[in-house]
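Okay, so here's the structure we're looking at.
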Amino acid sequence: MAPREQAGAGAAGGAADPEADIEAPLISYSSSFFFQDGAAAGAGAGPGGEDGSGDEEQRRNRRRFLLGGQLQSNATSQVALVGTDFCPIESLDYELIENDVFKQDWRAQGRGHILRYFALKWALCFLVGALTAAAAFVANLGVENVAGAKFVVTSNRMFARRFESAFLVFLFSNFLLTMFATVLTVYVAPAAAGSGIPEVKAYLNGVDAPNIFCFKTLVVKVVGCIAAVSSSLHVGKAGPLVHTGACIASILGQGGSRKYRMTCKWLRHFKNDRDRRDLVTCGAGAGIAGAFRAPVAGVLFALETVSSRWRSALLWRAFFTTAVVAVVLRALIDICKRGRCGLFGKGGLIMFDVTSGYVNYHVIDLPPVITLAVFGGVLGSLYNFFLDKVLRLYNVINEKGRTYRLLLAATVSVCTSCCLFGLPWLAACKPCPADSREACPSIGRSGNFKKFQCPMHNYNDLASLFFNTNDDTIRNLYSNGTDHEFHITSILVFFIASYFLGIFSYGLALPSGLFVPVILTGAAYGRLVGMLIGSQSTLDHGLFAVLGSAALLGGSMRMTVSVCVVILELTNNLLMLPLVMLVLIISKTVADAFNANVYDLLVKLKGFPFLEGHAEPYMRQLSVSDVVTGPLQTFNGIEKVGRIVDTLKATGHNGFPVVDEPPFSDTPLLYGLVLRSHLLVLLRKKEFISSSTASASDASKHFSPEDFAKRGSGKHDRIEDIELTAEELEMFVDLHPFTNTSPYTVVETMSLAKALILFREVGLRHLLVLPKTSKRAPVVGILTRHDFMPEHVLGLHPYLFKSRWKKVRFGKTAFSNFF
């Protein structure tokens, strides 16, 4: 291929530059959202996207992408939808940079330093667990008190037969809470919108974005989550707590926040992507543990859902972190039991305590359970399908500006309030059961029996479901011995309403989660199935509700092991294990025939360049040389300062091969790879030499490892901020002490599939491609995340669209045609 030969010779021109990694620090996403041809991604496209493409065309591309349309076949993204804003993204580098400065620092470290390093790892895990538990406790307590006070005021006005006043209080309180969360998110921390799980999942896969883990995102996530969940929107707090735990872990890992003067110098050892990745993984597991008081489920969630790389040492630290969460939550709950947590401090942190006394099943119960699981898988896949369409519409609206985001949130809030207040009027009043274990009706408190418009000693079963927090409603549906407390029509109405309200509530510009709404909708679905076919079974309707939650979670999120443990830890009953396992296996299998799980859909919808754990079948037909194109930017071992500055200004590349040429070597020889961030440090420190001869000075005397430490997530130095005189531009810099002399390399004949597995498993940012023969240039290209994206590969080789291997992976099945 001619372009590849030009790349090996360092010629200009060609198609997509192999060094044009996705991490180019863009100044404006509007001018560089998508590259429409290979040249735009090469040396001609600078950090500002100076490729001549018009803003109008870029806006059309963005809108087309948001609506689900296809772009040019080889288009690739340098930005992604983070929260509600498009932000530039970059790759993380988990590879150790083995240059002379690093080696000298490592040799100077004694046994005490190593022991201190490992002790700090465990100390950080303890802090992550304790702080995440505190954040979960504050979030739950805030929702219980804010939402509880709202429901008490509304119920008191209903009890006084002041229905119009009650509706206005309910409507405006929900509206104010929704707008508070939206304004806070839109104007302070747009990255805090949504659940945050797709961002955490992408980060652990090797993709970083600005502000996803910063301090203001953490604060807005917690405060906004309390307001959003309290506003009666069908959103949950489990997803935001996962993001909260990841934020806490990242902030601790980077040594605090310089902006808010909260830094610790002793945390400098963790200023690298490898250690931060482990901490963020522990933080994500701690979030689930804090949301459900389920420490084992938190570990399994991190392993099964968000983490792309796992090892036994990380498993042990994650387990320790979630155990700390459980202990701290237990201590805080004991404080609430003494009446020190406000009016409604006892209902949060959902634990449903399904007793073993009524969990008794037989072979005759299997057909209804299997039926529930099959239709749960179908409903879960439909949930994902509708959610994807709604989110694409919301993204187009949100892209129009802040005003439209506020209007969208206001519209959904008003419609939700009208729905929640209006639908209970359709339900008939039911007399209070004589054998009720709690007060009926429940006035001024949470409970199964809401009076609403009914006379005394009667209750409205549909209002009992709508006029409660999500946690209390789930507890009501899971309750045993309540087979006759809910009418089948009320359960049907509640199921349909919660199913679609959960879809329309997610995607607003505020912190929101999917986990709890899916559990709630699944509980209503399980109750409905129990009422329809429960006569053929000996199972309690409350148990059907638990299994319904498992079925919808398996159908939507496709998590099996972690969801199974979540359900068991929530219900505190191990006897349900066989039924829950059966339901999850069937529902996931059925749903997999239709579409992907909800978090994979969200990652794709947001535009994150996510590397899957498997290679596409067509990649085995290609070698790495088939996707490597020129031109290739390289530096000499001793390079002129002016050329380095010109190259950094002209390109957005983040890695440059260093090639030694005569007289430093007999023939051109690859010395290693130098990073853009390290070059910026060298230019800023201005330790230059006057001639192009090897420097005799010791680099460790002028530079320390702290100079090259990774900054916070999404923060980068800019070449434009460095001022150099004309005399300094004519000087030289010795790159040898700062070059990674052992970068990962592959020969150009290696299959693209094998290179992908190596790239993902090791966690690389750059993979050098070497020639097959020694007669060519020492390096022919660089593979980055961009080169493994299907859009890029299929754009270079469109014939693969028609190949049978392409159809194996992307061909539509009979099931998918159903949609």
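The values are calculated or read from the model by the stated rules, or taken from the named source; none is laboratory data. The structure presented is a predicted model; accordingly, all values stated were derived computationally and were not measured. In this analysis, Cβ positions are derived from the backbone assuming ideal geometry, glycine residues included, and neighbour counts consider all displayed protein chains. Accessible surface areas use protein heavy atoms only, side chains included; no ligands, DNA or RNA. Shrake-Rupley method; radii C 1.70, N 1.55, O 1.52, S 1.80 Å.
Relative to the present Cα-Cα distance, how much length would full extension add between residue 435 and residue 340 at 0.36 nm per residue of separation? Please report the intermediate quantities before stating the final value.
Details: separation 95, 0.36 × 95 = 34.20 nm, distance 3.16 nm.
Working it through step by step, the gained length comes to 31.0 nm.
Working note: Karplus 6.51/-1.76/1.60 with θ = phi - 60° gives region 401-415 the couplings x, 5, 4, 5, 5, 5, 5, 5, 5, 5, 5, 5, 5, 5, 5 Hz, where Gly and Pro are set to x.
At a Förster radius of 30 Å, what calculated FRET efficiency corresponds to the Cβ-Cβ distance of residue 176 and residue 425, to the nearest 0.05? Kindly include the intermediate steps, with their values, before the conclusion.
On the way: r = 24 Å, r/R0 = 0.80.
For residue 176 and residue 425, the calculated efficiency is 0.80.
Separation of the alpha carbons by more than 21 angstrom is noted, of 150/450; 649/686; 640/686; 640/775, for 640/775. Each listed q (0.18 Å⁻¹) maps to a log10 I(q)/I(0) for region 747-786, found by the Debye formula over equal Cα scatterers with no solvent: -0.49. For region 359-465, relative contact order (Cα pairs under 8 Å, six or more residues apart, normalised by length) works out to 16 percent.
Taking each residue as 0.36 nm, the span from residue 496 to residue 106 lengthens on full extension beyond its C-alpha to C-alpha distance by 134.3 nm.
Karplus-based coupling profile of region 276-286, in residue order and whole Hz: 5, 4, 5, 5, 5, 4, 4, x, 5, x, 5, with θ = phi - 60° in 6.51 cos²θ - 1.76 cosθ + 1.60 and x standing for Gly or Pro.
The distance separating the Cα centre of region 495-568 from that of region 643-667 comes to 57 Å.
From the Cα gyration tensor of region 632-782, with a ≥ b ≥ c the square roots of its eigenvalues, which class applies: rounded if a/c is under 1.5, or else prolate if a/b is larger than b/c, or else oblate? Oblate. For the pair residue 774 and residue 364, a Förster radius of 56 Å applied to the C-beta separation gives a FRET efficiency near 0.15, rounded to the nearest 0.05. In the context of the full set of protein chains, region 616-659 has a per residue accessible area of 25 Å² (1.4 Å probe). In terms of packing, defined here as the mean over residues of other Cβ atoms within 10 angstrom, the peptides 415-428, 281-294 line up highest first as 281-294, 415-428.
Determine the gain in length on full extension of the stretch residue 536-residue 762; use 0.36 nm per residue of separation and subtract their C-alpha separation, reporting nm with one decimal. Don't skip to the end; give the middle numbers.
Working: separation 226, 0.36 × 226 = 81.36 nm, distance 5.31 nm.
Full-extension gain reported as 76.0 nm.
Between the amide H of residue 671 and those of 658, 659, 660, distances stay under 5 Å, these residues lying 5 or more places away or on another chain, with hydrogens modeled in the peptide plane.
Could you provide, to the nearest whole Å², the per residue accessible area of region 534-584 with probe 1.4 Å? Numbers along the way, then the final one.
Working: 1270 Å² over 51 residues.
Ligands and nucleic acids excluded, the figure is 25 Å² per residue.
For region 91-174, the Stokes-Einstein estimate of translational diffusion at 37 °C and a viscosity of 0.692 mPa s comes to 179 µm²/s, using the Kirkwood hydrodynamic radius over alpha-carbon pairs. Taking the charge dipole of region 82-142 about its Cα centre, with +1 at Lys and Arg Cβ atoms and -1 at Asp and Glu Cβ atoms, the residue from 96, 128, 139 reaching farthest to the positive side is 128.
Residues whose amide H falls under 5 Å from that of residue 747, counting only those 5 or more places apart or on a different chain, are 770, with hydrogens built in the peptide plane.
Express the carbon and sulfur contribution to the solvent-accessible surface of region 74-175 as a percent, rounded to the nearest whole number, probe 1.4 angstrom.
Values: 2920 of 4290 Å².
Heavy-atom surface of region 74-175 belonging to carbon and sulfur, 1.4 Å probe: 68 percent.
For residue 734, the amide hydrogen comes within under 5 Å of the amide hydrogens of 689, counting only partners 5 or more places away or on other chains and with H modelled in the peptide plane.
How do 767-780, 591-604 rank on mean C-beta neighbours within 10 Å, highest first?
Working: 767-780: 17.7, 591-604: 20.3.
Ranking the peptides 767-780, 591-604 by packing returns 591-604, 767-780.
Ranked from highest to lowest mean number of other Cβ atoms within 10 Å per residue, what is the order of the peptides 216-225, 399-408?
Working: 216-225: 24.7, 399-408: 15.3.
For the peptides 216-225, 399-408, the packing ranking is 216-225, 399-408.
For region 750-793, the solvent-accessible area with a 1.4 angstrom probe is 32 square angstrom per residue.
Of 497, 452, 395, whose Cα points farthest to the positive end of the dipole of region 382-498 (charges on the beta-carbon: +1 Lys, Arg; -1 Asp, Glu; origin at the Cα centre)? Toward the positive end, the furthest listed residue is 395.
Using a 1.4 angstrom probe on heavy atoms only, work out the carbon and sulfur share of the accessible area of region 488-533 in %.
87
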